[in-house]
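Remarks on the structure that follows.
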Amino acid sequence: MRIAIGGFAGLLGSALVTELRRQGHEVVTLTRHEPIEASDRRWDLDTLSIAPPFLDDVDAVINLAGEPIAGGRWTEDRKQRILYSRLDTTRIVTRALESSKRCKIFLNGSAVGYYGPRGDEWVCEQDGAGDGFLAGVCRQWEAAASEAPDDVRVVMLRTGQVIASQGGFLAKQRPMVRLGLAGRMGSGRQYLSWISLRDHIRVMIAALTNPEIVGPINLVAPIPVTNAEFIATYSEYLHRPHMLPLPTPAVRMIFGSELGDEALLAGQRVRGEVLGRIGFEFDDPSLARAIATAERGRR
C-alpha cells in the first residue's frame, strides 16, 4: 500500500512509519514545512490544503497530528491549540478526500478521553461521550473525521495511554520511579487504560487492511489498571520503593486544576470490544509485560 501519514514525527507516527516501511509499504509524510525528503508533502494549516498531488496517489491516509495534551498547564491558549491542531488537520484530510478517486481509507486519531471521567464503570465503543474538556475535544475531532465522503472507510483511533520506551506515560513516570520517589496520584484508584507501543502499531496496520474495522475502535490492552497498580508494577520492575503519594492538592498545584482533575486524577476503564470481535492477539497483554518490552527497548 501507499500511505500518507500526518503527525509522522511523534511517538506513534515515527514508530508507524518505520514498521510500514519495514513491511514494504510506501509512506508519504505530511509536513507543515517545506519538503526535505522525497517522501515529504506539505499540508498547509492556513489554507487547509495538501500540496499536489493531494491524496490522489495514495491508498490510505492516517492522521495522528495534534498538540500534546499534557504538554503544559491548560491555559485558554493551550486549550485552543489542543483543539484546533486536531480539527484543522482532520479537515485538511477530509477536504482532500473529496476529490480523491484512489484514497478510500482514513484512520484518524482520537483518545479514550472521549468517555470522560467514568470511575469504575466499564465503557466500550458503543458508549457515548462523557463530560469535560478532553471529551469535548474528542467528540469534535471524531465529528470532523466523519465529514469524509461516504465511500471512504473512516476509523477513529481511541487511544489509551501508550507504554513505550521513548515517550508517553511511562517515560514521564520513569525519573521519579527510578529515584524511588514515585507513589499514587490522589486516591490512586483512577483507572489507566493502556496499550504497548508495538501493539498500538499492530492495531493501526490491522485497521488499514481489515474492512470490518469501521468507526471508533478502542486501542487498549485487555486489563486496565489503577494508578496505584501502575506505580507498584513499574516500581517492582525497577526494584524501587513507591511509598511517596502525590496528594490531590499537590497534583492540582503542579499541573493546574483542570489538567490534573481530567487527565491525572480521573480515568476510564475501557474495554476494546472491536479488537475482541476481530480476534486481535496482543503481544503485550499484561502491564508487566508491556513495561518489560518498553524497558528492553531502551537498552
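Any residue in the stretch 67-88 that is open to solvent by less than 70 Å² (accessible area, probe 1.4 Å) sitting within a Cβ distance under 8 Å of a residue that is hydrophobic (A, V, I, L, M, F, W, C) and not in a helix (DSSP H, G or I)? List the pairs, counting only those 6 or more apart or interchain.
Note: pairs meeting the criteria are Ile69/Ala111; Ile82/Ile69; Ile82/Trp74; Ser85/Ala65; Arg86/Ala65; Asp88/Leu45; Asp88/Leu48.
Out of all the residues in the stretch 89-106, which are open to solvent by less than 10 Å² (accessible area, probe 1.4 Å) and in a strand (DSSP E or B)?
Result: Phe106, single match.
How about the stretch 120-135: which of its residues are out of contact with any strand residue (DSSP E or B) (no Cβ under 8 Å at 6 or more places or on another chain) and open to solvent by 10 Å² or more (accessible area, probe 1.4 Å)?
Result: Gln126, Asp127, Gly128, Ala129, Gly130, Asp131, Gly132, Phe133.
Wholly within the stretch 1-69, which strands (runs of 3 or more DSSP E) include no fewer than the required count, namely at least 3 residues that are of a type in the set (A, V, I, L, M)?
Strands (runs of 3 or more DSSP E) meeting the threshold: 2-6, 26-31, 60-63.
So for the stretch 167-174 (the condition being among the small types (Gly, Ala, Ser), under 23 Å from Thr293 (Cα atoms), touching an Asp or Glu at 6+ places or on another chain (Cβ under 9 Å) and modelled with pLDDT under 95), does at least one residue qualify?
Scanning the stretch 167-174 turns up no residue that is among the small types (Gly, Ala, Ser), under 23 Å from Thr293 (Cα atoms), touching an Asp or Glu at 6+ places or on another chain (Cβ under 9 Å) and modelled with pLDDT under 95.
So in the stretch 222-231, with the set limited to residues that are open to solvent by 10 Å² or more (accessible area, probe 1.4 Å) and either hydrophobic (A, V, I, L, M, F, W, C) or assigned to a loop (DSSP other than H, G, I, E, B) (or both), which one is nearest to Ala4 (Cα to Cα)?
First, pick out the residues of the stretch 222-231 that are open to solvent by 10 Å² or more (accessible area, probe 1.4 Å): 222-229.
From the residues that got through so far, the ones that are either hydrophobic (A, V, I, L, M, F, W, C) or assigned to a loop (DSSP other than H, G, I, E, B) (or both) too are 222-225, 228.
Values: Pro222: 30, Ile223: 32, Pro224: 32, Val225: 34, Ala228: 39 Å.
Ranking the qualifying residues of the stretch 222-231, first place goes to Pro222.
If I ask for residues that are farther than 24 Å from Arg153 by Cα and touching a residue at least 24 places away in the same chain (Cβ under 8 Å), which ones from the stretch 46-66 would you list?
Hits for the stretch 46-66: nothing passes.
Has the stretch 210-221 got any residue that is more than 28 Å from Gly128 (Cβ to Cβ) and not in a helix (DSSP H, G or I)? Steps first, please.
Initially, the stretch 210-221 is screened for residues more than 28 Å from Gly128 (Cβ to Cβ), giving none.
Checking the stretch 210-221: not a single residue is more than 28 Å from Gly128 (Cβ to Cβ) and not in a helix (DSSP H, G or I).
Answer yes if at least one residue in the stretch 284-294 is modelled with pLDDT of 85 or more, part of a loop (DSSP other than H, G, I, E, B) and charged (D, E, K, R), and no otherwise.
Within the stretch 284-294, one or more residues are modelled with pLDDT of 85 or more, part of a loop (DSSP other than H, G, I, E, B) and charged (D, E, K, R).
Of everything in the stretch 173-187 that's in contact (Cβ under 8 Å) with a residue 12 or more places away in the chain, farther than 17 Å from Glu262 by Cα and out of contact with any Phe, Trp or Tyr (no Cβ under 9 Å at 6 or more places or on another chain), which residue is surrounded by the most Cβ atoms within 10 Å (Cβ to Cβ)?
Top of the filtered list is Gly183.
So which residues in the stretch 30-53 are in contact with a helix residue (DSSP H, G or I) (Cβ under 7 Å, 6 or more places away or on another chain) and either buried (at least 18 other Cβ atoms within 10 Å of the Cβ) or among the β-branched types (Val, Ile, Thr) (or both), if there are any at all?
Trp43, Ile50
For the stretch 89-117: of the residues being within 11 Å of Asn63 (Cα to Cα) and not β-branched (Val, Ile, Thr), which is farthest from the chain's Cα centre (by Cα)?
Only one residue fits best here, namely Arg91.
So the check is Cβ under 6 Å with 6+ separation or different chains; which pairs have a first residue in the stretch 238-257 that's over 12 Å from Gly188 (Cα atoms) and a second one that's open to solvent by 90 Å² or more (accessible area, probe 1.4 Å) and not in a helix (DSSP H, G or I)?
Here the result reads Gly256/Arg73, each pair linking the stretch 238-257 to a residue that is open to solvent by 90 Å² or more (accessible area, probe 1.4 Å) and not in a helix (DSSP H, G or I).
Looking at the stretch 232-244, which of its residues are assigned to a loop (DSSP other than H, G, I, E, B) and modelled with pLDDT of 85 or more? Walk me through how you get there before you give the answer.
Pass one, the stretch 232-244, residues assigned to a loop (DSSP other than H, G, I, E, B): 238-244.
Within the stretch 232-244, Leu238, His239, Arg240, Pro241, His242 qualify.
For Gly116, all conditions in the list (1) open to solvent by 30 Å² or more (accessible area, probe 1.4 Å); (2) within 26 Å of Leu275 (Cβ to Cβ); (3) of a type outside the set (A, V, I, L, M) hold save one; what is the number of the exception?
(1)
Residue by residue through the stretch 255-288, note down the ones that are acidic (Asp, Glu), closer than 19 Å to Asp127 by Cα and surrounded by fewer than 19 Cβ atoms within 10 Å (Cβ to Cβ). Can you show your working first?
The initial filter retains those residues of the stretch 255-288 that are acidic (Asp, Glu), namely 258, 261-262, 273, 281, 283-284.
Filter again for closer than 19 Å to Asp127 by Cα, leaving 262, 273.
Passing the criteria: only Glu273.
The values are calculated or read from the model by the stated rules, or taken from the named source; none is laboratory data. Just so it is clear, the model here is predicted, and its values are computed rather than measured. For neighbour counting, all protein chains shown are included, and Cβ atoms are generated from backbone atoms with ideal geometry for every residue, glycine included. Note: accessible area is taken over every heavy atom of the protein model, side chains too, but ligands, DNA and RNA are not part of it. Shrake-Rupley method; radii C 1.70, N 1.55, O 1.52, S 1.80 Å.
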